[in-house]
Amino acid sequence: MSTGQKKLTDANLTVGYVAKRSGVKVSTLHFYETKGLILSWRNGGNQRRYKKDVLRRIAVIKAAQAMGITLDEIKNTLATLPDSRTPTKEDWSALSKHWQAQLNERIAYMQRLRDKVDGCIGCGCLSLKSCPIYNKDDHLGHKESGAVLLNS
């Protein structure tokens with residue numbers, strides 16, 4: 001049995017092996033751990049060790065990040081799994097449906113932004129009297145600040 005195969009069957013994966021196998025840097029693994037996204041344990045030499053299911057958990061994290069899901073959202077969603085276990089195929093289906101709704105909202109926002117960007121930046125400014133959404137008497141400033149019209 002090769003060293004790589006032995007490491008997988010031992011469920012005693014080193015941080016270097018997990019980094020290489022998952023395609024993330026060691027520092028990223030440490031960061032994920034501090035954020036509570038993955039877990040490790042320490043061996044007798046005080047070195048981090050991981051169970052092999054951490055590879056799937058990291059894959060889920062990377063896939064969610066690629067969709068624009070924040071680490072806090074990922075953590076909160078993964079926390080809904082019993083005993084914070086690694087997602088199964090069925091879990092992934094449920095997680096991805098939850099995140100799909102967020103993606104749909106982002107897509108709709110980007111489409112609204114695209115459709116408005118040529119005529120106005122949506123700032124609700126006071127300076128352009130020819131602007132189709134001129135903000136007379138700064139009524140928008142009483143509600144919120146920034147490019148408030150882009151959020152509608």
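The values are calculated or read from the model by the stated rules, or taken from the named source; none is laboratory data. Nothing here was measured: the structure is a model prediction, and the numbers come from that model. Heads up, the Cβs are rebuilt from the backbone with ideal geometry, glycines too, and the neighbour counts pull from every protein chain shown.
I'm trying to understand the selection: among the residues of the stretch 68-81, which are within 8 Å of the chain's Cα centre (by Cα), exposed (fewer than 13 other Cβ atoms within 10 Å of the Cβ) and in a loop (DSSP other than H, G, I, E, B)? The answer is GLY68, THR70. Scanning the stretch 29-55 for residues that are over 16 Å from ASP83 (Cα atoms) and crowded, with 16+ Cβ neighbours inside 10 Å gives LEU29, TYR32, GLU33, ARG48, ARG49, TYR50, LYS52, LEU55.
One residue is enough: does the stretch 82-100 have a residue meeting the conditions assigned to a loop (DSSP other than H, G, I, E, B), modelled with pLDDT of 80 or more, under 24 Å from TYR50 (Cβ atoms) and in contact with a Pro (Cβ under 9 Å, 6 or more places away or on another chain)? No - not one qualifying residue is present in the stretch 82-100.
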